[in-house]
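Here the structure is laid out as structure tokens; the discussion comes afterwards.
The values are calculated or read from the model by the stated rules, or taken from the named source; none is laboratory data. No experiment lies behind these values; they were computed from the predicted model shown. Every residue, glycine as well, gets a Cβ built from its backbone with ideal geometry; the counts of neighbours run over all protein chains shown.
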Amino acid sequence: MRKTFVAAVAGLLLAGSIGAASAADKLKVGFIYLGPIGDLGWTYQHEQGRLALVKELGDQIETTYLEKVPEGPDAERSIEQLARAGNKLIFTTSFGYMDPTLKVAKKYPNVHFEHATGYKRAPNMSTYSAKWYQGRYIQGLIAAKMSKTGVLGYIGSFPIPEVVSGINATILAAQTINPNIKVKIIWANTWFDPPKEADAAKALIDQGADVIMQHTDSPAAMQIAAERGKLAFGQDSEMIKFGPKAQLTSILDTWGPYYIERVKAELAGTWKSEDTWGGLDSHMFAMAPYTNMPDDVKKMAEDAQAAITAGKLHPFKCPVIGQDGKEVECKGGTSLDPGQILGMNFYVKGIDDKLPGK
Amino acid sequence: MELVEAIILAVLAASTPLLIAATGELVTERSGVLNLGVEGMMIMGAACGFAGAWLTGSIVIGALCGIVAGTLMSLIFALMTLGLAVNQVATGLALTILGVGLSGLIGAGFVGERITPAAHLDLPVLTRIPLIGRVLFGEDAFVYFSLALIVAVWWFLYRTRAGLVLRACGDNHVSAHALGYPVLRIRTFAVMFGGACAGLAGAYLPLAYTPFFIPGMTAGRGWIALALVVFSSWRPGRLVVGAYLFGAVTILQLHAQGWGVGVPSQFMSALPYLATVIVLVLLSRARTGGSTAPAALGTVFVPDR
């Protein structure tokens, strides 16, 4: 029921959001956002990317964005609306926009589309995503060093490969510091419900976890950790304001450089359909300053970040042992191959919990 | 033992916004008006409550701002459905859409700010009683206020003449009107009470639960409050049972996941809804059987036509 209303609200907002006037010869670039631009998380970071783009190329382009566009049939209408309004490059910034984007892309062969975090492509539709698990690996190292109880608390959104690979990268890193490290995992089954995220953080802390990490979107967990005097990692954006003494670091989505690069290609006429899966080396995301930790831990984190950036350290270096104790087939030579990471649906050894649906 | 105490504390906090919002809606519905705009009034209460508290630094003023915002929203509803006799369902839904949009606008300037959350009670000796001390004397004031509120509402509905008149309006507005009671005025007050409660419930979230504002942070709690009223068969006592049961199962399923009991988390997330519906249905079947809804619920009343 609620979805219907969100949809209706989005519909109402559409009329208002398409405000940008049209100047004749500027390249028009459109964005479709899942949340409100003030969500302080996922959508906020995409908006920061758009703002960086405007700052860099504002004299040659004109941007439009639609926020709070629900995944599903409404998305198709919104994407098509942008295409019809003359946008030549359209970024659709959530996994659930995959099929709608593809549909519209087929209808408008002269418009270029860029879909975030998906895997379906077309001659005029690219995909882009980030190797966040690299950041999670660094967080795992820090968490194991900083935890006094040896129990980490992890709030998941949905058991999809992106989240599962994050959990695995965290625990694999933590095990290199403390082989007996434990992780307690709570699935919120939502990306965004601040009070519920807070409840999950409380439950984890009450059960003995002293470092909280999250894969949901609001700063609620960070705030609870701060209130209880525990440590936590932010998500998507800088959350230190909600836990000045709690935030260790945060994975910051930095879409700006990518958006600028792609728009430049479009302007130069060299845009091609591609699959971009960037990591620390290509600045698809960054790590917030390492705070609230001793210097040696900070140094370790910085070294790990440098090693990952240089390609010397791979979070899923073989052998990777699955929860069943068997070694996972090593398709990528020295580490798991991208397909195995993007489709990860198993826990590694050392996680006691069962993966939902397995 | 400490864990039990922690769980009870979390349950109390999680149930409070539901209980406050549902209490208001219960009174509204008992007067014969169905206001589906609880979610919209709540989120407005959250936005304005946070704004008030952030600007003045006072939780009390924040709570008052939330109450005022919810009441103003409910007045729009009253004007439409009672004054102009517009369909209540459609107006309620529109109110939610309005509230979600408007709160985003009002709250936009406050996103990313944070306040000091409402203080928890700390009474000498009493709060330090093992196990029950913090539960009975150590939560924030909203928690105890919500319980006082539902007791007051029960007393009002069943022990006062005004409460009887209000229920009469809800069961048969024509008779109430014929007896000379100002049906529309009574209903307006009931709607305003519902709005005030929803506003306060919404304000509770940024003032005490997660001390920041983000658009859409009520995340559907208004709808749960509405459902609780129905499943409590419009009885204050069962409403308390329903709200706390819902809160308890919500918190316990999170803990169960942390303990790793191995039940799929998707099922666990659905559990609060399932458990609450089943228990409240059983409760209402056991005693009365049949429908206990106010007979005139949701019907338009136009005097002398």
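Details
- Lone unmet requirement of (1) within 14 Å of chain B (Cβ to nearest Cβ); (2) touching a residue at least 60 places away in the same chain (Cβ under 8 Å) for residue A:241: (2)
- Boolean, residue B:281 is in contact (Cβ under 8 Å) with a residue 12 or more places away in the chain, touching a helix residue (DSSP H, G or I) at 6+ places or on another chain (Cβ under 8 Å) and either more than 14 Å from every other protein chain (Cβ to nearest Cβ) or buried (at least 17 other Cβ atoms within 10 Å of the Cβ) (or both): yes
- Given (1) part of a helix (DSSP H, G or I); (2) surrounded by fewer than 23 Cβ atoms within 10 Å (Cβ to Cβ), index of the condition residue B:66 fails: (2)
- Number of positions in region A:190-230 that are polar (S, T, N, Q), assigned to a loop (DSSP other than H, G, I, E, B) and within 9 Å of chain B (Cβ to nearest Cβ): 3
- Taking region A:250-266 as the range and being hydrophobic (A, V, I, L, M, F, W, C) and touching a residue at least 24 places away in the same chain (Cβ under 8 Å) as the test, the residues that pass are A:251, A:252, A:255, A:260, A:263.
- Of all residues in region A:115-131, those satisfying the criterion of being out of contact with any His (no Cβ under 9 Å at 6 or more places or on another chain) and surrounded by fewer than 23 Cβ atoms within 10 Å (Cβ to Cβ) are A:117, A:118, A:119, A:120, A:122, A:123, A:129.
- Yes/no for residue A:233 being in a strand (DSSP E or B) and either more than 14 Å from every other protein chain (Cβ to nearest Cβ) or surrounded by fewer than 24 Cβ atoms within 10 Å (Cβ to Cβ) (or both): yes
- Flag for residue B:78 being surrounded by 14 or more Cβ atoms within 10 Å (Cβ to Cβ) and closer than 20 Å to residue B:303 by Cα: yes
- Residue among B:5, B:39 that is assigned to a helix (DSSP H, G or I), within 11 Å of chain A (Cβ to nearest Cβ), farther than 30 Å from residue B:186 by Cα and of a type in the set (D, E, K, R): B:5
- Residue in region B:160-167 that is part of a helix (DSSP H, G or I), touching a residue at least 24 places away in the same chain (Cβ under 8 Å) and within 28 Å of residue B:59 (Cα to Cα) present: no
- Condition check for residue A:177: within 14 Å of chain B (Cβ to nearest Cβ) and either surrounded by fewer than 21 Cβ atoms within 10 Å (Cβ to Cβ) or under 30 Å from residue A:296 (Cβ atoms) (or both): no
- Filtering B:64, B:95 for residues that are within 14 Å of another protein chain (Cβ to nearest Cβ) and in contact with a Gly (Cβ under 8 Å, 6 or more places away or on another chain) leaves a single hit, B:95.
- Within region A:193-211, the set of residues being touching a residue at least 60 places away in the same chain (Cβ under 8 Å) and either basic (Lys, Arg) or crowded, with 24+ Cβ neighbours inside 10 Å (or both) comprises A:209, A:211.
- Within the set B:192, B:217, the sole residue that is more than 14 Å from chain A (Cβ to nearest Cβ) and either under 17 Å from the mean Cα position of the chain (by Cα) or under 30 Å from residue B:53 (Cα atoms) (or both) turns out to be B:192.
- Search result, residues across region A:305-358 that are among the acidic types (Asp, Glu) and within 14 Å of another protein chain (Cβ to nearest Cβ): A:352, A:353
- Here residue B:116 passes the criteria (1) exposed (fewer than 14 other Cβ atoms within 10 Å of the Cβ); (2) within 14 Å of another protein chain (Cβ to nearest Cβ); (3) without any contact (Cβ under 8 Å) to a residue 40 or more places away in the chain except the one numbered (3).
- Region A:242-261, residues that are in a helix (DSSP H, G or I) and touching a helix residue (DSSP H, G or I) at 6+ places or on another chain (Cβ under 9 Å): A:242, A:256, A:257, A:258, A:259, A:260
- Per the conditions (1) under 18 Å from the mean Cα position of the chain (by Cα); (2) under 18 Å from residue B:214 (Cα atoms), the sole criterion not satisfied by residue A:250 is (2).
- Residues (touching a helix residue (DSSP H, G or I) at 6+ places or on another chain (Cβ under 8 Å) and more than 25 Å from residue A:64 (Cβ to Cβ)) located in region A:262-277: A:277
- Residue count for region B:241-294, restricted to those that are of a type in the set (A, V, I, L, M) and modelled with pLDDT of 90 or more: 9.
- Scan of region A:216-229 for residues that are crowded, with 24+ Cβ neighbours inside 10 Å and not aliphatic (A, V, I, L, M), ordered by number: A:216, A:217, A:218, A:219, A:223
- Exactly one residue out of B:201, B:225 is buried (at least 23 other Cβ atoms within 10 Å of the Cβ) and more than 12 Å from every other protein chain (Cβ to nearest Cβ), and it is B:225.
- Of everything listed in (1) surrounded by 24 or more Cβ atoms within 10 Å (Cβ to Cβ); (2) away from chain A (no Cβ under 14 Å); (3) among the aliphatic types (A, V, I, L, M), the single unmet condition for residue B:240 is (1).
- Verdict on residue A:160 being crowded, with 24+ Cβ neighbours inside 10 Å and either within 18 Å of residue A:219 (Cα to Cα) or more than 10 Å from chain B (Cβ to nearest Cβ) (or both): no
- Residue among B:79, B:105 that is away from chain A (no Cβ under 14 Å), free of Cβ contacts under 8 Å to residues at least 12 places away in the same chain and assigned to a helix (DSSP H, G or I): B:79
- Helices (runs of 4 or more DSSP H) wholly inside region A:32-140 that include at least 2 residues being within 14 Å of chain B (Cβ to nearest Cβ): A:42-57
- Residues in region A:163-174 that are closer than 28 Å to residue B:112 by Cα and either away from chain B (no Cβ under 12 Å) or more than 16 Å from the chain's Cα centre (by Cα) (or both): 3 in all.
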